[in-house]
Structures are given as C-alpha cells and as structure tokens.
Amino acid sequence: MHDDSHSSAFPKPRPVGPGSQIAIVAPAGPFDRDRFEAGVEWLSDRYQVRYDDGIFSRSGYFAGSDARRLAELQSAIADPAIDAILCARGGYGATRLLPQLDPASVAAANKVLVGFSDISALHALWARAGVRSVHAPMVAGIAKASTTVQQEWICALESREGPESWQLREIVPGSGQGRLIGGNLAVLSALAGTPFAPPLDGCLLFLEDVGERPYRIDRMLTTLQQAGWLDRCAGFILGDFAGSEPGDDGTTLEDVIRDRLGDCGKPVAMGFPAGHIDDNEPLTFGALARIDGGRVTIDLA
C-alpha cells in the first residue's frame with residue numbers, strides 16, 4: 001500500500017483546516033472528564049469536534065470494551081465526513097484492537113491520526129498503511145500545553161509546509177535520512193515478533209518512554225536488536241525518558257543508549273523534546289527526516 005522507496009515521505013493526508021471535522025476516539029484507557037472537556041473546548045475554537053457519549057465508558061483499565069473501542073475507531077476511519085482522528089488519551093489497550101483493524105481501510109481513508117504513548121500501536125498501523133500520523137498531545141493534555149506547543153500542534157495537524165530543525169545531543173556521530181517512524185519504546189517492543197510492527201527499512205526510528213528504569217530500557221532495546229529492528233533503521237532519535245533515573249547500580253539512561261546503540265554504525269541523537277513531558281512537541285510520522293551531527297530536521301512537504 002505504501003511507497004517502498006524508503007527515502008520518500010508518505011503522501012500528505014486528507015487536508016485539515018479551520019472548520020474541519022475532528023473525531024475524538026478512546027482506543028485505550030479511560031480519561032479524566034474535566035481535562036477532556038477542557039481539551040474539547042480548546043479544539044472547538046477552530047474545529048468541529050465529534051465524539052459519541054460511549055467514549056466515557058469504563059471497563060477496568062479500558063475506555064469500555066474492546067468491541068466498543070474498535071467500533072468507535074472503525075467508524076471514525078470510515079466516516080467520509082471526518083477529516084482527522086484524535087485520541088482522547090493513551091494508557092493501555094490499542095494493541096488489543098490491531099488484529100481487527102485493516103491497513104487497507106486506513107490507506108483508503110488517508111486521515112491523519114493524533115496521539116502518543118499507547119497510541120504508538122496505531123501509529124504502527126498507520127505506517128503500515130502508508131499514511132502520516134502525528135505523535136503529539138491528546139485531548140486530555142492539549143488544553144494545558146504551552147501556547148508554543150499548541151501552535152505547533154495545529155501546524156502538524158494541518159500539514160503546514162516547511163522543515164523544522166532541533167539541535168540535540170549527538171551520541172553517535174554521522175548523518176542519515178528516512179521516513180520518521182516510532183513512538184513509545186515499551187509499546188513498540190511489544191509489537192516485535194507480531195504482524196503489527198511498523199515498516200522499518202531505511203527509517204529514522206524515534207523512541208520515548210516514561211517510568212522505565214535503565215535496565216528495563218536495556219531489555220527493550222535488546223529485544224529490538226534481537227528482532228532485527230535496529231539493523232534496518234537509518235538512524236535513531238531519542239525523545240524524553242521521564243522517570244528513567246539510575247538505580248543503586250548507577251547505570252544511567254545514556255550509558256544504556258551508548259551500550260545498545262553505540263556500535264550500530266548509525267547516527268544517534270538524544271534529547272528530542274517529545275514524550276511524557278509538559279511541552280511534548282509534535283512529530284509527524286511518515287514525513288522525511290534527517291539527522292546530521294545531532295541536528296534533526298523534519299520536512300512536512
């Protein structure tokens with residue numbers, strides 16, 4: 001479905017602009033209703049926001065049953081009136097829906113998806129379909145994001161033209177480019193060995209996580225290495241790893257990154273301002289990105 005020329009970006013998704021209809025879905029965990037309503041209020045200043053009251057369902061650590069969450073997402077994908085799909089929150093649960101979701105339907109709809117954390121499972125689906133998606137704050141977080149992140153969020157959703165650059169910490173020198181793919185390390189490592197992994201050949205792989213000690217990050221990177229993922233990528237961009245402080249052994253996150261990625265022969269840059277942080281800057285997966293000497297450039301063209 002997607003273009004297998006690894007150095008090219010996925011085509012632009014269905015256009016989004018002021019007045020566009022945005023469907024909110026909750027494919028994973030339940031959420032705080034006050035924060036959700038604050039997000040809806042912020043979104044409604046620019047877009048027509050649509051959601052079904054079933055979104056407020058709770059079933060243990062899920063926003064309702066698998067069947068409810070699946071039907072909600074499938075409806076948002078298929079509905080010709082909906083221009084983009086925005087997730088309410090992450091948590092856990094999106095991976096459980098993957099066997100029932102068809103990349104062909106995602107490709108046919110060509111709608112951008114916005115979310116992060118557990119939504120990385122759906123970013124992988126969108127990548128398999130060859131459709132761009134945006135790793136960015138969700139409904140329950142966007143109202144309290146900084147004005148800068150809110151403006152960048154709108155630009156990412158609306159596929160504004162122009163490259164953006166960030167200077168990161170260079171861990172492994174070198175340069176490389178490819179489609180930007182990735183998301184949450186724990187979620188992606190859970191896709192290793194399944195049919196639901198993203199297409200990695202020639203990509204720049206972005207990774208972030210929260211609340212994972214260095215030894216756990218080591219274990220997950222080792223899983224990706226042993227699954228052959230790391231050999232297929234053109235380079236690595238590391239986002240924020242909140243709560244990854246060293247244990248009593250003193251091994252730091254950077255120690256782990258250098259150990260697991262240091263001899264891969266690919267450029268590695270660390271410290272991208274995205275992840276489980278207040279100023280979670282949007283990233284467009286499927287866009288063409290480049291690492292050069294620790295500088296990361298993403299082109300939305």
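The values are calculated or read from the model by the stated rules, or taken from the named source; none is laboratory data. A quick note: this is a predicted structure, and the numbers were derived from the prediction, not measured. Here the Cβ is made from the backbone with ideal geometry for all residues, glycine too, and neighbour counts use every protein chain on show.
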Next on the checklist: Looking only at region 27-44, count every residue that is touching a residue at least 60 places away in the same chain (Cβ under 8 Å) and part of a helix (DSSP H, G or I) and tell me the total.
Outcome noted: 8
Next on the checklist: Residue under question is Ala107, and the condition is that it be touching a residue at least 40 places away in the same chain (Cβ under 8 Å), assigned to a helix (DSSP H, G or I) and surrounded by fewer than 18 Cβ atoms within 10 Å (Cβ to Cβ); does it hold?
Outcome noted: yes
Checklist outcome for this item: Residue pairs within 7 Å by beta carbon, gap of at least six or interchain, first lying in region 69-83 and within 17 Å of Gly93 (Cβ to Cβ), second modelled with pLDDT of 95 or more and of a type in the set (Phe, Trp, Tyr), listed first then second, are Arg69/Phe62
Checklist entry - Restricted to region 231-248, and to residues that are among the small types (Gly, Ala, Ser) and over 22 Å from Leu180 (Cα atoms), which residue is modelled with the lowest pLDDT? => result Gly247
Checklist entry - Looking at (1) under 19 Å from Gly228 (Cα atoms); (2) crowded, with 24+ Cβ neighbours inside 10 Å; (3) in contact (Cβ under 8 Å) with a residue 40 or more places away in the chain, which is the only condition Arg128 fails? => result (2)
Item to check | Index of the failed condition, Arg179 passing every other in (1) without any contact (Cβ under 8 Å) to a residue 12 or more places away in the chain; (2) buried (at least 16 other Cβ atoms within 10 Å of the Cβ) | outcome: (1)
Checklist entry - If you scan region 181-219, which residues turn out to be under 24 Å from Tyr92 (Cβ atoms), among the hydrophobic types (A, V, I, L, M, F, W, C) and in a strand (DSSP E or B)? => result Ile181, Leu205, Phe206, Leu207, Val210
Checklist entry - Is at least one residue of region 263-284 of a type in the set (Ser, Thr, Tyr), closer than 21 Å to Ser117 by Cα, modelled with pLDDT of 95 or more and assigned by TED's automatic domain parsing to the domain that holds Arg179? => result yes
Checklist entry - When you look at Asp240, is it farther than 27 Å from Arg290 by Cβ and either in a helix (DSSP H, G or I) or free of Cβ contacts under 8 Å to residues at least 60 places away in the same chain (or both), yes or no? => result no
Item to check | Within region 76-132, tally of residues that are in contact with a helix residue (DSSP H, G or I) (Cβ under 7 Å, 6 or more places away or on another chain), farther than 23 Å from Pro15 by Cβ and hydroxyl-bearing (Ser, Thr, Tyr) | outcome: 3
